[in-house]
Every structure is written in C-alpha cells, then in structure tokens.
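Notes to accompany the following structure.
Nothing in this text is a laboratory measurement; each read-out follows from the coordinates by a stated rule. What you are looking at is a predicted structure, and each value in this text was computed from that prediction instead of being measured. Here the Cβ positions follow ideal geometry from the backbone for every residue, glycine too, while neighbour counts run over all protein chains shown.
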Amino acid sequence: MPYSCIRICQKGVKTRMNKVHINASKSYDIMIEKGLLSRCGSLIKNVCKAQTICLVTDDTVNALYADTVIQSLQAEGFRTAKFVFAHGEESKNSTTYLHLIDYLAQNHLTRSDAIVALGGGVVGDLSGFAAATFLRGISFIQIPTTLLACVDSSVGGKTAIDIPAGKNLLGAFYQPSLVLCDPLTLRTLPDEIYRDGCAEIIKYAMITDAGFFEQLGQQPVKEWEEEVIKRCVEIKRDVVMQDEYDRGLRALLNFGHTIGHAIEACSHFQISHGHAVAIGMHIITKASEKLGFAEQGCTAALAHILDSYHFPLAIPYSADDLMKAALQDKKREGDSITLIIPNKIGTCSMHAVPTENLFDWIQNGL
Ligand code: NAD
Ligand code: GLY
C-alpha cells in the first residue's frame, strides 16, 4: 500500500517520505525522499544479504554522487566495487555489458551479492540486464538520478541493451529489490534532460488521469516533484501488477512511443527520447481526433501543456520517413501494429492498425 509521512532529516529540514510498494514476481518498495542517498546503505541492508556490492554508474553521475553512495554502503559494512562507463545511450551496448560482466567476475561477486545502479535509464537498463544474467541472476537495487528514471525506467523490471539491429532488443524482465529515489539529485540535471522526464509524466496523465493532467498544466512539475514522482510510480505500479510481462495492458505505457521511437531514429538520436515522445503523443492525438476516435479539443489541450513545458512540436520528417522507421518497431506483430490512442484526456485504448494504414494515421497527425 502507498504510504507517506513527514520526517526530520539530519539537518533539521522537514522532508516527506513517500513509499510505494509493488507486488510483482518480486515485491519491493520504491522510496522517494530528499536526502535518501546518504542513508542508502542502511536501506539496502534491510533488503539484501550481500557482502559485496558493485556500484554501476556513468562518468557524469560518478563525479556527482558515487562517493556519497560508496561511503554509505561502506559504513554498513559492505565491501564495494565500482564500475564506471561513459555516459550516453551509445554505451548501452554489448561491449559495455560484457566489460561489466567480466568486472563482476573478476571482483568475485557471488549469487548472494548485488549490483546498485546509480544513474539514469541507461545505467539502470544496462545494470539490470547484467544483474538478470550474471550467475543467472543476482540482486539489483536502482538509485535513479534522472526524472525519467525516477518516474519510469527504474520501476517495473524492464532491462535491456541495444544491439546494431535496434534499441532495447536484448533484454529481460527482472525486478529490482528496492528503488531509492532522492529528488535532490535532480537539481544537477540539465534542463533538457529534466524535460525528458516531464514528457513521460504528461504521458501518464494522458493515459490515466484527467485531474492529474489539469494539475500539471497549472503547476510546473518542479514545484511539486515528490508528489508527481509518487503519482507516476503508482500509475506504473498499477499497470505492472496487472501485466508484468507486457502481454496486454502494459502497452498503454507506450502512448506516443511508436511514433516517438520513429522520430528518434529519423533524427539519428539527435532528438531526445522525451522530446520525441512529446511529438509522438501530439501526432497520434491529432490523428485520433481527426479520425473520430478522440474527443474534440484533446489535441489543443495536449499542445497547450506541451508548449508550457517548452516542447517544440515541428519536425522535418515526412509521413513516409516516419512510417518506414515505425515499421522497425519491436512492438509490431505480423501485419499490424498496436497504436495507443487517446479517447479523451485521461483515457486511452489500444488500437490494432494494419501496417498499410499506418501511413494515413501519421499523415493525419502531422
Ligand atoms: P541517461 O541515463 O542517458 O541520462 C541522461 C544524461 O543525464 C546522461 O548524460 C547522464 O550522465 C546524465 N545524468 C544522470 N543523472 C544526472 C544528474 N542527477 N545530474 C546531472 N546529470 C545526470 O538517460 P535517461 O533519459 O535517464 O534514460 C534513457 C534510457 O532509459 C534509454 O536507454 C531508454 O531506452 C531507457 N528507458 C527504459 C525504460 C524501462 O522501463 N526500462 C523506460 C524508459 C526509458
Ligand atoms: N516504459 C514502458 C514500460 O515499462 O513498459
């Protein structure tokens, strides 16, 4: 059950502790609280019997937060090792993965040891896949440090790396044992990366909650960050608990993503994931409204909120470019592709579209 309380942290500042519990193939908590980083060691000790913990992070996050985490782990008696790789999606590949696996073996991690992933979705996805496969599975704790990772990638157990044929094509469902989200880490995020998380937050509101959508339009995420993160994690929890292995309902979380991924690919990943999802949501909403699936006014409301979060919506790609890229999507099933379409703000549904009709959908949304 979700729970929330006020506590006084060491410096006498009131902080709100939010906790969301997930019951999936593994049960675990997602804890959201300012200052959690410096007491992560004791929280991790409560959920794992590891002697050695390998901290995995990228070079940017390493310079900012790794020392705090290592100190807290060592204070609880854990032996620590640290694997750092170059930041960015380019590192989420089989070379980094195998280097990490080798590093775990060289540091003699055993089945009772654990990996702590400190960073954004790239660190989380790569570390999670390594944890799922090293010795056929060792414990894994997520400490997300981007807004996107807090609200989305650290929760729900999707782990993966990219291969030359496409993004996230090699992966596993593997739930973490604990997720520790410290919103203070988000203060060092560049605006553009922070905004990527805002796109996913708007996505959650579009698919499930008109009231949340309205609140996001009235008050910027930064002003009520902890509540927003908690709300998104609860929405994701509710979906994952019904469809952990992505066989139906979980597809709703991909609203805006089929076209979003196509935009990312057409831009050779120069347009960020969150920005591409924002444009993807707009295209599919405009098409749904034109084709009579969505209530009149949905597109204007979505465009208004995306504008208030500074997402430019124009793109230089044609419907043909986007369709070719979208047909590479791993969610495609034979001759059809499932689009997530809004019926009104706060309600979406799945709609299987024959691939030959995809061009019309995209053309209507541009
Ligand atoms: P990211 O991990 O590349 O982080 C973005 C950048 O922010 C990096 O350069 C990183 O070094 C930097 N950074 C991270 N935390 C920071 C901080 N606190 N201060 C300053 N800089 C910081 O990207 P992301 O947007 O977090 O995640 C994108 C990845 O997540 C993609 O690979 C995507 O496929 C994956 N993803 C996975 C899921 C899932 O369910 N597993 C869901 C959504 C996205
Ligand atoms: N980010 C989509 C999912 O976890 O299913």
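Of the trypsin sites (Lys or Arg not before Pro) in region 26-90, the ones in a loop by DSSP (not H, G, I, E or B) with at most 15 other beta carbons within 10 Å are K26, K49. Ranked by the mean number of other Cβ atoms within 10 Å of their residues, highest first, the peptides 298-311, 128-141, 337-350 fall in the order 128-141, 337-350, 298-311.
Here, region 166-210 has an Rg and a Dmax of 14.4, 35 Å when only alpha carbons are counted. Would you kindly calculate the translational diffusion coefficient of region 142-234, applying Stokes-Einstein with the Kirkwood radius from alpha carbon pairs, for 20 °C and a viscosity of 1.002 mPa s, and quote it in µm² s⁻¹ without decimals? Value of D from the Cα-based Kirkwood radius: 151 µm²/s. Using the Cβ-Cβ distance between T188 and S38 with R0 set to 25 Å, the FRET efficiency from 1/(1 + (r/R0)^6) comes to roughly 0.95. Ordering D67, D162 by the number of other Cβ atoms within 10 Å of each residue's own Cβ, fewest first, gives D67, D162.
Expressed in Å, the radius of gyration and Dmax of the Cα atoms of region 91-200 are 13.8, 41. Hydrodynamic analysis of region 230-366 uses the Kirkwood radius over alpha carbon pairs. Inserted into Stokes-Einstein at 25 °C and 0.890 mPa s, it gives a translational diffusion coefficient of 162 µm²/s. Calculated over region 36-136, the projected area of the Cα convex hull averaged across directions stands at 5.7 nm².
Projecting the Cα atoms of G274, M323, H261 onto the charge dipole of region 243-366, computed from C-beta unit charges around the Cα centre, puts G274 farthest toward the positive end. Going from the fewest other Cβ atoms within 10 Å to the most, the residues H21, H261 appear in the order H21, H261. Amide H contacts of K158 (H built 1.01 Å from N, in plane; Pro and chain starts excluded): Y174 sit under 5 Å, all sequence-distant by 5 or more or on other chains. Under the simplified labelling scheme, the R247-L98 pair shows an inter-label distance of 3.4 nm, with each label point 7 Å from Cα along Cα→Cβ.
A simple charge model with +1 on the Cβ of Lys and Arg, -1 on the Cβ of Asp and Glu and nothing else charged puts the dipole of the chain at about 1240 debye relative to its Cα centre.
Note on M241, M206: ascending count of other Cβ atoms within 10 Å places them as M241, M206, the fewest first.
To the nearest 10 degrees, how steep is helix 257-266 against the longest Cα principal axis of the chain, on a 0 to 90 scale? Once rounded, one gets 90 degrees.
Taking every DSSP helix (H) stretch of at least 4 residues in the chain, weighting each as -39,500 (n - 2.57) and dividing the sum by the residue count yields a mean residue ellipticity at 222 nm of -12500 deg cm²/dmol.
Relative to the longest principal axis of the Cα atoms of the chain, helix 121-133 runs at roughly 60 degrees. Full extension of the chain between T347 and Q51 yields a length gain of 101.9 nm, computed as 0.36 nm times the residue separation minus the alpha carbon distance. Taking only the Cα atoms of region 31-88, the radius of gyration and Dmax are 11.5, 32 Å. Evaluated on the chain, the Kirkwood hydrodynamic radius is 20.9 Å, with distances taken between all distinct Cα atoms.
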